[in-house]
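S.K.: Following this message is one structure expressed as structure tokens.
Here, each number is a calculation from the coordinates, and none is a lab measurement. Model, not experiment: these values are computed from the prediction. Because the Cβ atoms are built from the backbone with ideal geometry, glycine has one as well, and the counts that use them run over all protein chains shown.
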Amino acid sequence: MRRLLLAALIFLAVGPVPGAVIRYPQEDLTQSAAARALVFAPETGGSMRFVRGWRLVSPHDRFGGFSAIARTAPGRFLLIGDNGYATRLSLDSRGAVSGVSIRALPTIDGRPARKAAADTEAMFIDAASGKIWVALEVVNEVWRLDAGLSQIESRRPLPKPRWPRNRGPEAMVRLADGRTVIFSEDADDDPRGREGLIYTGDPAAPGPAPIRFFYDSAGRGLVSDAAALPDGRILLVHRRLGFNPVFTTILAVVDPADIKAGAVVRARTIGRVPRPLAENYEGAAISVEDGSTFLWLVADDNFNVWQRSLLLQFELADLPPKKAPDSKKAAR
């Protein structure tokens with residue numbers, strides 16, 4: 001019975017059904033948005049220090065469902081929804097929103113997006129060219145888009161055996177050395193962990209086969225996004241479902257030096273989103289400002305009336321040190 005209740009909870013939380021056309025009760029395409037400041041008294045100490053947060057709202061019918069975020073410039077963000085829409089906006093220190101642009105991502109055949117062809121779950125941007133890579137569930141592909149999000153420059157399916165349609169590429173991060181790491185949401189029910197891939201070249205273009213590895217989340221839940229830290233490690237966002245609260249978000253760090261063919265990779269917990277701010281966080285980005293490192297998290301409201309599109313900022317401080325190269329201790 002408990003499994004059935006959890007399955008029902010997951011069904012309600014994940015939003016639109018894969019394969020369905022994205023439909024909306026109205027046709028409001030107003031290009032505007034607002035940010036409502038969250039009132040929250042942060043705890044002191046720890047590696048994750050809450051700075052500020054907002055609830056993002058818009059009359060635009062396609063606004064929401066955010067599953068990836070990039071900070072493209074100070075105060076400027078790109079948000080990608082799992083409905084196949086991208087939102088660009090600027091947010092100043094007072095919470096005023098400007099420069100809003102909400103538009104559909106390009107599709108393979110140019111026709112309106114269906115859930116099966118638009119379930120974008122992860123993203124990274126090349127700072128030099130502005131080109132954007134996105135990972136899509138259901139079709140299980142990685143696409144490279146031009147900087148203007150107007151065309152698909154290249155696309156590549158994940159290697160076979162393909163990951164499950166709705167449990168595929170959930171997090172993707174470009175490392176400083178040019179490699180790309182992709183974590184599945186829940187692929188390969190293996191006792192060692194969930195399957196991941198690491199590419200030495202462009203994951204959206206023909207090239208060498210990726211290296212497969214396994215990630216053991218150690219009870220933190222399923223990975224929902226990843227971002228590169230300044231020290232070269234990977235920050236992982238985990239989403240764990242329950243009843244009170246429905247969503248628990250746990251953050252951890254992974255050293256890419258541990259990723260090898262067939263290896264079981266483990267992480268070290270650095271903190272979690274405070275319970276009063278609990279939501280379905282699926283997008284993460286890292287910024288460095290005046291020597292401080294900041295984490296930005298965005299929540300996927302699944303287009304449900306009981307969920308919120310929240311944008312949070314945390315300062316990351318006193319992170320656990322990297323393991324010494326000869327350390328044989330498992331990360332915790």
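S.K.: For a quick check of your reading of the filter: which trypsin sites (Lys or Arg not before Pro) in segment 175-275 sit in a DSSP loop and have no more than 15 other Cβ atoms within 10 Å?
M.R.: Of the trypsin sites (Lys or Arg not before Pro), the ones in loops of segment 175-275 whose Cβ has at most 15 other Cβ atoms within 10 Å are Arg192, Lys260.
S.K.: In percent, how large is the relative contact order of segment 173-313, given Cα pairs closer than 8 Å and 6 or more residues apart? Don't skip to the end; give the middle numbers.
M.R.: Working: 315 pairs, mean separation 23.3, N = 141.
Value for segment 173-313: 16 percent.
S.K.: I want to verify the translational diffusion coefficient of segment 167-300 in µm²/s; compute it with Stokes-Einstein, Rh as the Kirkwood radius over Cα pairs, at 20 °C and 1.002 mPa s.
M.R.: Rounded, D is 141 µm²/s.
S.K.: Please return the longest stretch of the chain lacking exposed loop sites, where chymotrypsin sites (Phe, Trp or Tyr not before Pro) count only if DSSP places them in a loop and at most 14 other Cβ atoms lie within 10 Å.
M.R.: 41-242
S.K.: Just checking my list (i) 1.07; (ii) 0.99; (iii) 0.93 against Rg/Rh (Cα atoms, Kirkwood Rh) computed from this structure; which label fits?
M.R.: (iii)
S.K.: Quote the charge dipole size of the chain about the Cα centre in Debye, to the nearest 20; the model charges only the Cβ of Lys and Arg (+1) and of Asp and Glu (-1). Mind dumping the intermediate values first?
M.R.: Working: 44 positive and 37 negative charges, 119 e Å.
Charge dipole, the chain, about its Cα centre: 580 debye, nearest 20.
S.K.: Counting other beta carbons within 10 Å of each Cβ, put Val39, Val142, Val97 in order, fewest first. Spell out each step's value before the answer.
M.R.: Values: Val39 7, Val142 24, Val97 18.
Ranking Val39, Val142, Val97 by Cβ neighbours within 10 Å, fewest first, gives Val39, Val97, Val142.
S.K.: By its C-alpha gyration tensor, with a ≥ b ≥ c as the square roots of the eigenvalues, how is segment 102-177 shaped: rounded for a/c under 1.5, else prolate for a/b larger than b/c, else oblate?
M.R.: oblate
S.K.: When the scattering of segment 164-207 is computed by the Debye formula from its Cα atoms alone, each counted once and equally, what is log10 I(q)/I(0) at q = 0.18 Å⁻¹?
M.R.: Debye curve over Cα of segment 164-207, log10 I(q)/I(0) at q = 0.18 Å⁻¹: -0.56.
S.K.: Same structure again: Across all directions of projection, what mean area in square nanometres is found for the Cα convex hull of segment 32-156?
M.R.: Numbers: hull surface 36.6 nm².
Computed as one quarter of the Cα hull surface, the answer is 9.1 nm².
S.K.: With no solvent and one point on each alpha carbon, what is the Debye value of log10 I(q)/I(0) for segment 235-332 at q = 0.13, 0.24, 0.25 Å⁻¹?
M.R.: Log-scaled intensity ratios, in q order: -0.56, -1.28, -1.33.
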